[in-house]
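Below is one structure, written out as structure tokens; the observations come after it.
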Amino acid sequence: MSTFPVEKIRADFPILKEKIRNKPLVYLDNAASCQKPQQVIDSIVHCYSHEYANVHRGVHTLSVKATDRYEGAREKIQHFINAQSTKEIIFTRGATEAINLVAQTFGKTNIKAGDEILITAMEHHSNIVPWQMLCEETGAVLKVAPINLQGELIFAEFEKLISDKTKLVSVVHMSNALGTVNPVKEIIAAAKAKNIPVLLDGAQAIPHLAVDVQALDCDFYVFSGHKLYAPSGIGVLYGKQALLEAMPPYQGGGDMIRKVTFEDTEYNGLPYKFEAGTPNIADAIGLGAAIDYLTEIGMDNIAAYEAELLDYATEKALQIDGLRIIGEAAEKGAILSFVLDKIHPHDIGTMLDSLGIAVRAGHHCAMPVMDFFEVPATARASFAMYNTKEEIDVLMAGIEDLIKIFG
Amino acid sequence: MFDDLRDLYQEVIFDHNRNPRNFYVMEEADRKVEGFNPLCGDRLTLFLKMDGDKIVDASFQGSGCAISTASVSLMTDIVKGLTEAEAEALFTKFHEMTTGKEEEINLEAVGKLAVLAGVREYPARVKCATLAWHTLDAALKNEQASISTE
């Protein structure tokens with residue numbers, strides 16, 4: 001742990017110097033959204049100050065520069081997740097839009113009445129609702145693989161639910177509510193054995209572990225920039241080129257066309273076929289800057305450091321009487337969801353906030369997970385590479401104090 | 001410890017949270033309405049016994065945070081004996097206390113409910129305090145469907 005340059009990293013994040021209610025900020029709501037390093041902030045300021053114009057349009061200097069930067073960000077993403085080609089990297093508003101894109105294009109083309117879409121019981125609403133909407137439109141059926149009390153997928157049950165009717169498997173790589181990291185290699189292998197495409201929702205996994213889409217052999221991988229130390233409003237759909245080629249466009253408009261007449265329109269090639277209209281240029285560049293920043297630190301180093309943080313936090317949490325951890329999977333990312341005996345998570349959230357500690361209290365956009373564990377909500381401390389053991393000590397002392405005051 | 005929170009979490013609130021008043025299923029209720037705050041998962045069922053337009057008894061079941069539990073506990077106490085119009089008027093005063101302009105606040109008009117005035121400073125928690133009253137409002141209007149603060 002001593003070798004991880006956490007103090008140097010902290011110095012790069014200006015917001016970490018903020019005081020909240022006159023206390024130093026302890027930001028533990030990273031699973032909701034991460035803070036941004038100066039390098040990302042500067043990249044956006046630089047874009048708007050020196051290199052901004054519309055992309056793929058003009059012959060003038062600024063448009064060429066902006067296009068280079070925007071496409072440069074796409075290349076960085078390609079390398080970051082080890083995609084074969086930039087044609088497989090589609091910019092979206094976030095993971096949610098990426099899933100909706102797949103549902104509305106791949107889904108509408110390939111999924112018919114009576115077909116099945118298989119998800120798990122630990123999905124975020126964004127990997128439930130787009131499929132429910134598709135099922136309503138097409139008459140397809142949504143199947144849900146169950147989880148156990150540790151918050152792990154019951155793999156044998158998942159396998160049983162794969163049938164000849166299954167046309168897509170869409171599962172979360174790492175659960176935002178529980179921290180569970182799913183056995184995605186086994187999931188993909190089981191689906192591939194029946195030639196079923198697999199979408200991985202990587203929104204939560206992407207800042208915590210190295211992702212290699214070719215090694216995984218997933219068909220789609222989606223994530224959001226804002227959980228990867230990049231701006232909000234930008235995200236990525238990775239798709240295998242052959243699948244993307246076969247899919248119809250998502251939205252119509254400028255940039256996604258090659259030739260338009262009133263009789264007929266010829267669509268543009270990948271990736272532009274799925275990027276109608278002027279894209280989120282500056283935030284895509286910001287995402288590229290975030291990837292540069294993370295690559296320099298190394299995703300494996302980040303994963304190792306965060307694992308130590310989680311172990312430390314878990315050990316401390318288990319010493320607190322009346323605290324129950326929700327989500328105790330053997331394979332877990334840096335998320336500590338918990339409930340306290342007779343103290344509602346919302347009270348926990350307000351009380352910790354008065355100490356400068358930001359945690360999430362609520363259902364974490366995963367109401368079915370709350371129902372399964374029979375809790376209305378949980379409090380969730382989620383860690384990032386800039387958090388420290390000292391901050392975990394502050395959190396645990398706060399929890400002990402609020403238990404005392406509630407009596 | 002938690003000095004900043006004393007206005008929000010007064011001892012009366014802890015007391016009602018630990019020992020909620022009128023916390024039972026009223027079998028002979030004339031009105032029964034469910035209230036739900038999807039943001040935090042607070043859920044309550046409000047029971048009313050009516051005599052004409054007068055509330056003769058009130059009780060509740062459910063689970064929620066300390067603020068919402070104290071609020072519904074206090075409310076079921078205070079509305080007993082009130083007419084529908086009086087209860088609605090109290091709701092208006094309560095609403096003004098939690099969300100209205102500073103000059104509209106009349107702490108005397110709300111009596112014991114004044115202990116909840118602290119939520120004004122915590123916009124994220126106002127809905128916790130008002131869920132009980134929105135549910136009562138629905139019950140008085142005889143809306144049987146569940147109500148939601150979202």
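When you look at B:Arg31, is it modelled with pLDDT of 90 or more, among the charged types (D, E, K, R) and buried (at least 18 other Cβ atoms within 10 Å of the Cβ), yes or no? Quick ask: steps written out before the conclusion?
On the way: modelled with pLDDT of 90 or more: yes; among the charged types (D, E, K, R): yes; buried (at least 18 other Cβ atoms within 10 Å of the Cβ): yes.
The answer is yes for B:Arg31.
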Checklist entry - Would region A:48-56 turn up any residue that is among the hydrophobic types (A, V, I, L, M, F, W, C), over 22 Å from A:Pro249 (Cα atoms), part of a loop (DSSP other than H, G, I, E, B) and out of contact with any helix residue (DSSP H, G or I) (no Cβ under 7 Å at 6 or more places or on another chain)? => result no
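Per-residue answers, yes or no, for (1) surrounded by 24 or more Cβ atoms within 10 Å (Cβ to Cβ); (2) at pLDDT below 95; (3) outside the structural domain of A:Leu153 (by TED's automatic domain parsing); (4) assigned to a helix (DSSP H, G or I):
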| position | (1), (2), (3), (4) |
| --- | --- |
| A:Lys185 | no, no, no, yes |
| A:Ala189 | no, no, no, yes |
| A:Asn195 | no, no, no, no |
| A:Leu199 | yes, no, no, no |
| A:Gln204 | yes, no, no, no |
| A:His208 | yes, no, no, no |
| A:Val211 | no, no, no, no |
| A:Gln214 | no, no, no, yes |
| A:Cys218 | yes, no, no, no |
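For residues that are on the phi > 0 side of the Ramachandran plot and in contact with a helix residue (DSSP H, G or I) (Cβ under 7 Å, 6 or more places away or on another chain), scanning just region B:12-60, find the one that is farthest from the other protein chains (Cβ to nearest Cβ). Even if it seems obvious, please write down each step before you answer.
At the first step, the residues of region B:12-60 found to be on the phi > 0 side of the Ramachandran plot are B:22, B:41, B:52.
Pick out the ones that are also in contact with a helix residue (DSSP H, G or I) (Cβ under 7 Å, 6 or more places away or on another chain) and you get B:22, B:41.
Numbers: B:Asn22: 19, B:Gly41: 3 Å.
The selected residue is B:Asn22.
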Checklist outcome for this item: Note on region A:88-116: residues farther than 30 Å from A:Lys165 by Cα and either in contact with a Pro (Cβ under 6 Å, 6 or more places away or on another chain) or part of a strand (DSSP E or B) (or both) are A:Phe91
Item to check | Unmet criterion (only one of (1) facing chain B (nearest Cβ under 9 Å); (2) charged (D, E, K, R); (3) within 20 Å of the chain's Cα centre (by Cα)) for A:Arg380 | outcome: (1)
Checklist entry - Is it true that B:Glu108 is touching an Asp or Glu at 6+ places or on another chain (Cβ under 7 Å), assigned to a helix (DSSP H, G or I) and more than 18 Å from B:Asn19 (Cα to Cα)? => result no
Checklist outcome for this item: Within region A:384-407, the residues that are in a helix (DSSP H, G or I) and within 14 Å of another protein chain (Cβ to nearest Cβ) are A:Val394, A:Ala397, A:Gly398, A:Ile399, A:Glu400, A:Asp401, A:Leu402, A:Ile403, A:Lys404, A:Ile405, A:Phe406
Checklist entry - Going through region B:63-83 one residue at a time, which ones are within 14 Å of chain A (Cβ to nearest Cβ), buried (at least 17 other Cβ atoms within 10 Å of the Cβ) and not in a helix (DSSP H, G or I)? => result B:Gly64, B:Cys65
Next on the checklist: Condition first: in contact with a Leu (Cβ under 7 Å, 6 or more places away or on another chain) and over 28 Å from A:Leu62 (Cα atoms). Can you find one or more residues in region A:253-272 that meet it?
Outcome noted: no
Item to check | region A:386-400, residues that are in contact (Cβ under 8 Å) with a residue 24 or more places away in the chain and closer than 18 Å to A:Pro24 by Cβ | outcome: A:Tyr386, A:Asn387, A:Thr388, A:Lys389, A:Glu391, A:Ile392, A:Asp393, A:Val394, A:Leu395, A:Met396, A:Gly398, A:Ile399
Item to check | Check on A:Arg360, of a type in the set (Lys, Arg) and either at positive phi or within 14 Å of chain B (Cβ to nearest Cβ) (or both) | outcome: yes
Checklist entry - Quick check, is A:Ile343 in contact (Cβ under 8 Å) with a residue 12 or more places away in the chain, away from chain B (no Cβ under 11 Å) and among the β-branched types (Val, Ile, Thr)? => result no
Item to check | Matching residues in region A:308-329 - criterion: being touching a strand residue (DSSP E or B) at 6+ places or on another chain (Cβ under 8 Å) and without any contact (Cβ under 8 Å) to a residue 24 or more places away in the chain | outcome: A:Thr314, A:Leu318, A:Arg324, A:Ile325
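The values are calculated or read from the model by the stated rules, or taken from the named source; none is laboratory data. Values in this document were obtained by computation on a predicted structure and should not be read as measured data. Cβ coordinates were reconstructed from backbone atoms using ideal geometry, including for glycine residues, and neighbour counts include every protein chain displayed.
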